[in-house]
Amino acid sequence: MPPALVSEGDGPQFCCAGCRTVYDILQSNGLSQYYDFRERREAAVRSSGRTFEEFDHSAFGELYVQPAGAGLSRTELYLEGVHCASCVWLVERVPLLLPGVARAELDIRRSLARIEWDAAAVPLSHVARTLDRLGYSPHPFRGVARDAMRRREDRAMLTRIGVAGAIAGNVMLAALALYSGEFSGMEGSYARLFRWMSLGLTLPAVLYPGRVFFTGAWAALRTRTLHMDLPIALALGAGVTRGAINTITNSGPIYFDGVCILIFLLLTGRFLQQRGQRAAADAAELLYSLAPTTARVIDADGSERELPAVALLPGMEVVVRAGESFPADGHIAAGETAINAALLTGESRPVSASRGDPVFAGTLNVTAPVRVVVEESGETSRLARMLRQVEESAQRRAPVVAFANRMSGWFVAVVLLLAVITFLLWYPRNEASAWDHAIALLIVTCPCALALATPLAVTVAIGRAARAGIFIKGGDALESLVRAGDLVLDKTGTLTEGRTALVTWRGDDSVKPLVLALEAGSSHPIADGFRRAWPGLVAPDPSGVSHHVGAGISGTVTGHFVVVGSPRLVAQHAHGGEPLLAHLAGQPLTPVLVAVDGAVVAVAGIGDRVRTDAGSALAALRRRGWRTTLLSGDDPQVAAAVGQTLGFAADATVGSATPEQKLAFVHERLGRARATRQPVVMVGDGVNDAAAIAAASVGIGVHGGAEACLATADVYLTTPGIEPLVRLVEGAARTMRVIHRNIGFALCYNAVGVALAMSGRISPMIAALMMPASSLTVVLGSWFGRTFDPTPAPRAAETVPGDSRVEVAA
């Protein structure tokens with residue numbers, strides 16, 4: 001307990017002022033029962049002290065606030081520090097603390113608080129300050145409208161699935177009794193009871209959860225297109241109609257069990273498909289999150305105030321501290337710093353920036369605070385333009401339609417025609433037989449097996465790929481990867497490790513502790529590279545340390561004056577660096593010289609290491625017919641050196657490519673490949689790759705990539721390296737073989753079923769038994785088909801010079 005907070009004879013004592021504040025709030029508002037919770041927060045309460053004035057700004061309201069009716073407003077806030085039931089209890093008592101707050105609900109799993117309040121009675125900033133004083137610092141959540149819509153959609157679909165499943169289970173019990181009665185005998189009254197019971201249960205299943213298929217069939221007829229909903233609706237309608245007639249006349253089979261099971265299974269599959277189609281919206285949210293939501297604006301009197309980043313106007317001046325992201329596009333008005341723009345541009349090395357240099361929203365200020373004059377913000381910033389390109393590309397990209405869907409129109413037309421022909425052939429002989437044989441044909445050719453052939457094989461393959469560390473969002477990516485085409489790869493973070501590292505060291509090893517002493521307190525990526533290269537060294541304490549922005553660092557260590565930095569900086573304090581620099585000539589490395597007491601004693605080669613498996617993986621892909629291109633935002637000389645190491649042709653290596661140029665490159669390749677129907681695959685890891693990944697036939701995000709890039713990708717490789725890309729291509733080929741086998745079986749089954757139904761050799765009941773048998777065969781074929789190996793197969797790695805460890809020479 002801090003002595004300064006101890007008050008003798010004052011009752012409860014507190015570890016900090018924050019805990020005292022919370023205690024006073026709870027006691028004064030009759031909420032002392034908070035302390036009765038067995039599980040409650042034990043850590044000290046930390047309040048940010050912010051005013052949250054930006055929460056009252058009109059721009060904030062447009063983004064994050066929705067009307068809730070009755071004069072109330074609604075928003076959702078992400079809260080820090082939420083962890084147990086006492087947190088839920090306390091947050092949901094906020095309406096008792098603040099008159100004007102109507103409701104506060106906390107989703108503890110996501111740490112999201114839904115607040116409804118009267119803006120005329122209490123401002124949102126006051127609500128935010130109250131939460132902050134309680135220890136739950138609030139942050140705005142963009143996805144309010146999106147999540148509400150998703151919850152409504154999911155709730156409606158899950159309700160349909162639940163109703164369909166419950167009805168199907170009960171109808172199956174009645175069907176089991178009827179099937180048993182066929183063999184052991186059953187009294188007529190009980191048989192009629194079970195038949196009428198099945199009809200009474202099936203009608204609600206068809207009219208409520210099964211209505212979606214009839215709606216789709218009607219839409220197909222109105223638009224004069226034939227798709228799978230039409231034969232499904234016909235089979236359901238024919239089965240229910242004939243079953244109802246047979247129930248009323250107490251003759252012939254009923255098909256209610258097959259109808260209900262079909263509705264349940266198809267709705268379940270449709271729900272899973274719907275859950276997989278939300279990547280575009282998630283990508284948008286992640287891209288928006290890259291730029292800060294607030295900015296510190298400098299007023300004319302020099303004071304600072306916080307504003308929502310979207311409310312920034314051209315001409316405003318903002319301050320950006322070291323370690324923070326820039327909130328808008330603009331230029332530096334005062335200060336010098338280094339900027340890490342790797343996520344936006346792909347440049348692997350921080351670049352120096354000073355007065356007059358441009359900066360962009362989302363890039364990181366690395367070393368020093370700067371003042372920036374705003375030029376573009378919000379929807380007009382470069383980051384926002386990239387977001388729009390991602391969304392437009394995702395909307396323009398037509399999904400690759402599976403073979404079963406491409407042939408569905410012809411399949412539906414043929415089935416309907418054959419059903420009519422069967423009815424006309426048998427009608428002159430016996431009207432009842434004509435109806436039975438036509439219905440048998442519709443049932444036996446119900447496209448269950450054909451509809452399951454592709455999605456089931458894809459679902460099994462995607463599950464096995466996930467266990468192998470490959471996350472695939474849809475079967476269209478698998479189909480595209482079967483044919484070899486253009487494979488476009490980013491460099492930084494994709495073919496290389498994506499982080500600054502010490503690749504080579506030449507010189508006196510005894511000065512390493514001196515270098516580490518200076519770099520220990522620096523936040524620069526080069527300093528981080530030194531620290532990771534020498535984790536076991538003990539560094540002495542330096543003195544008189546000076547940071548030279550964009551050049552290096554200097555100081556005194558154990559009585560020696562040490563300079564670590566660029567050749568230009570070191571040349572001002574020492575001599576003799578030329579022989580050491582010659583060792584790095586022609587290599588894609590940044591030279592860092594080390595001088596001690598006026599003499600250059602060592603040189604470090606800092607760079608981005610090529611992944612150890614890149615060479616062998618690219619060779620394997622080229623043998624399969626893929627044309628590889630290196631497309632990097634890094635310096636052309638660095639890109640060319642890496643490309644030459646990995647076997648890229650000179651004209652297939654492009655450097656200094658901006659995100660817009662990467663997108664244009666992919667569009668150009670797509671236009672070329674349209675005639676041959678070959679895919680264009682984009683592999684990357686940064687936000688600068690996101691638009692190109694979204695536009696490509698298949699976008700692939702690699703391990704360690706930016707979340708926004710991964711959200712727009714069709715495939716995400718969770719294990720490091722390029723080797724998983726080879727396994728992805730091989731697994732896609734095996735999956736398509738399983739799909740083709742399933743479709744071939746389904747077509748053969750339908751051909752046999754049509755022949756049997758038209759010749760009158762099967763009744764509707766036999767057809768109803770054959771239908772699930774065909775689906776079961778497809779299920780087993782998909783399950784036992786070899787697609788993706790659960791564990792990576794070993795492959796001989798190809799050695800890449802200078803990429804596996806630090807190279808040391810005296």
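The values are calculated or read from the model by the stated rules, or taken from the named source; none is laboratory data. Because the structure is a prediction, the values reported are computed rather than measured. Neighbour counts run over all protein chains shown; Cβ positions are idealised from the backbone, glycine included. Note: areas computed on protein heavy atoms with side chains; ligands, DNA, RNA excluded. Shrake-Rupley method; radii C 1.70, N 1.55, O 1.52, S 1.80 Å.
Here's how it looks for MET316: its modeled amide H is under 5 Å from those of VAL374, which are all 5 or more places away or on a different chain.
Charge tally around VAL600: other residues with Cβ under 12 Å, Lys/Arg +1 each, Asp/Glu -1 each, net -2.
Extension gain, LEU207-ILE248: 0.36 nm per intervening residue step, less the Cα-Cα distance, totals 12.8 nm.
Working note: Debye formula, equal point scatterers on the alpha-carbon atoms of the range 501-608, no solvent; log10 I(q)/I(0) at q = 0.10, 0.16 Å⁻¹ is -0.23, -0.61.
For the peptides 485-497, 117-129, the ranking by packing is 485-497, 117-129, with the highest mean count of neighbouring Cβ atoms within 10 Å listed first. The simple Förster model, with R0 at 25 Å and r as the Cβ-Cβ distance, assigns HIS548 and ASP357 a FRET efficiency of 0.90.
The residues of the range 501-608 expose, per residue, 42 Å² of accessible area to a 1.4 Å probe. Whole-Hz Karplus values for the range 577-583 come out as x, 4, x, 5, 5, 4, 5 Hz, taken residue by residue from phi with 6.51 cos²θ - 1.76 cosθ + 1.60 and θ = phi - 60°; glycine and proline positions read x. Computed from the C-beta positions of ARG568 and ALA121, the FRET efficiency with R₀ = 51 Å rounds to 0.25. Taking amide H as placed 1.01 Å from N in the peptide plane, THR294 has its amide H under 5 Å from the amide H of ALA309, each at least 5 places away in sequence or on another chain. Full extension of the chain between ARG152 and GLN66 gives 29.3 nm of extra length, using 0.36 nm per residue less the Cα-Cα distance. Compared with the alpha-carbon gap, the fully stretched path from ALA322 to SER433 is longer by 31.6 nm at 0.36 nm per residue.
Using packing as a proxy for protection, rank 297-303, 332-338, 714-720 so that the peptide with the highest average count of other Cβ atoms within 10 Å comes first. Intermediate values should be presented prior to the final figure.
Working: 297-303: 10.1, 332-338: 18.6, 714-720: 20.4.
Per-residue mean Cβ counts within 10 Å order the peptides as 714-720, 332-338, 297-303.
Distant-in-sequence amide contacts of PHE561, defined by a placed amide H-H separation under 5 Å and a gap of 5 or more residues or a different chain, comprise ASP597. Could you compute the net charge surrounding ALA640? Neighbours are other residues with a C-beta less than 13 Å from the C-beta of ALA640; K and R count +1, D and E count -1. Counting the neighbours of ALA640, the net charge comes to -2.
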